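Report on the structure given below.
The values are calculated or read from the model by the stated rules, or taken from the named source; none is laboratory data. These figures come from a predicted structure and were not determined experimentally. Please note: Cβ atoms are built from the backbone with ideal geometry, for glycine as well, and neighbour counts cover all protein chains shown. Calculation scope for accessible area: heavy atoms of the full protein, side chains included, ligands and nucleic acids excluded. Shrake-Rupley method; radii C 1.70, N 1.55, O 1.52, S 1.80 Å.
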Amino acid sequence: MTSEAPTRTYRPLDARTVLDYARPDLAAPPTRAAEIGDGNLNLVFRVVAADGASVIVKQALPYARVVGPGWPLTLERAGIEARALAIQGDLCPGLVPALHRYDPAMAALVMEDLAGHLVLRRGLIAGRVYPRAPEALGRFCARMALGTSDLLLGPPAKQAQAARFANPELCAITERLVFTDPFRDAPGNAIEPALLPDARRLWRDAALRRAADRLRFRFCTRGEALVHGDLHTGSVMVTAEDTKVIDAEFACYGPMGLDLGMLLANLAMARLAHAACGHAAYATWLDAAAGTVWATFVAEVADLWPAGERWRRAFLGDLLPDVAAYAGAEMIRRTLGLAHVADTDGIAEEAPRLAAKRAVLTGGRALLLGAGRVRQFATLWCTALGAAGAGGAAAHGSPAG
Ligand code: SR1
Ligand code: MG
C-alpha cells in the first residue's frame, strides 16, 4: 500500500484511498474497505484494520448522490452533521454513534462502526421485533426537542446555537421534496404508473395543497428546537438491545413536531405494508411500537419540563396536531415524491403493493387535512392507518393518551 501525503483539498474518497485516509483513526493498518452507503446523498465506507477493528468514514459529495452532479449540494452538510452529533451525544448519551474525527477540508466524518446493527427499516421489512427501539426513539425526540429549545437552554443560548445550524440547502430539499413537489405534477416525482390516477386526484385537491403549503411555511419559520430533520426508519440503526440515530445532515432549528411526525409516518408505512401482505401479528407490534414512541416522549417531557412553566399539557396539545401534519406530508412524499421507501416499493406482488401505497396516500391525506382536530395520539395513529371513525374520536381525549 502506498501512503499519500495528507491533503487539505477536497477529493472524493474511494475504496482504495480511504485506507490511507482512515489510518490515523485505527491502531493497526487498514486492510480492507468497502463503500456501503445506500442513502441518497453521501459516500459511506467501512474500513477494517489488520487487528479486526473498524471505523465508518462518511463523506459528503458536492452533489446529491441520488440525482448526480446535476444537483449540486453544499459540502458544509458534513459540518452540520458533526455539530449535531456532538449535541445529540451530549443530550442523548448512547443514542448516536461516537464521532472520532470531523475533517472539514474533506467534508468527512470518521465514526464508530455500528457493525452488528441493522438499518431499522430493513429490520422492520424483515418483520423483526426490536423491543428497545421505540422507547429509545421517544426519548431521543423528547430530549432533543426540549434540550435544544428555549425551554431548557434559555433564549440567548438557544439563539446562539440556532445560528450555528443555518442549513439552507438541505432545508430547501425538504421544502421541495416533502412539502411541494409531491402535491403537484412536478418533474422530480416518481410515481408508479398504476397510481397516476390517485396522484392526479390528490393534485386536484386544493385543500390538501393549501395544507401542504401552510406546513412548508411552518417548517421554514418555526425554529423551535434542533431537529434531526430526516428522522425516518432508514436513519436509525438497531440491534435487539441498542438503538442509534444516524445521518444528521438535515439538522436545523425547526418545528418540534417534525422528527416525531416523520418517524411515526415511517412506522405507519411499515405497518400498512405489512397489513397489506397479511402480516397481522407484526402489524399489531408496530401499533404498540408507535404508541410506545409517543408515550415515552410524553413521559420524558414530563421529566424534563422546567419547574414553574405551568403549561405542559397545552404544550403537548399544541404539538400533536403538528406531529400529525408532518406525518401526513411524509407519507404522501414517500409515495409520490422523489425519494420512496422500500417498505412499500419493495412489495413484489402488484396487488398488495398498490393496496399498501393507496392506504399510505389515504392516511397521509387524512392526517394533513385533519391534523387540527387531533387531540390524542390514538386519533393520530388511527387516522394514519385509515381506521374508520378516527375523525369522530378526534374531539375527545388528551394529548397524553
Ligand atoms: C435528494 S435527497 C432525497 C431525500 O433523501 C434524504 O434522506 C432525505 O429524506 C431527502 O428528502
Ligand atoms: Mg439520510
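Side notes on the structure shown:
- Surface share of carbon and sulfur [accessible, 1.4 angstrom probe, percent] for the chain: 55
- Label-point separation in nm, Asp318 to Ala288, each point 7 Å along Cα→Cβ: 3.5
- For the range 1-84, GluC sites (Glu not before Pro) are listed when DSSP marks them as loop and at most 16 other Cβ atoms sit within 10 Å of their Cβ; the list is Glu4.
- If the chain linking Glu350 and Arg214 were pulled fully straight, counting 0.36 nm for each residue of separation and taking away their Cα-Cα distance, it would gain 45.5 nm.
- The candidates His340, His100, arranged from most to least accessible area with a 1.4 Å probe in the full protein assembly, appear as His100, His340.
- What the phi angles of the range 23-34 give under the Karplus curve with 6.51, -1.76 and 1.60, with θ = phi - 60°, is a coupling list of 3, x, 9, 10, 5, 9, x, x, 10, 9, 8, 9 Hz, glycine and proline written as x.
- Annotation: amide H-H contacts under 5 Å for Asn42 (H modelled 1.01 Å from N, sequence separation of 5 or more, or interchain): Arg65.
- For the chain: accessible area per residue (Å², 1.4 Å): 40
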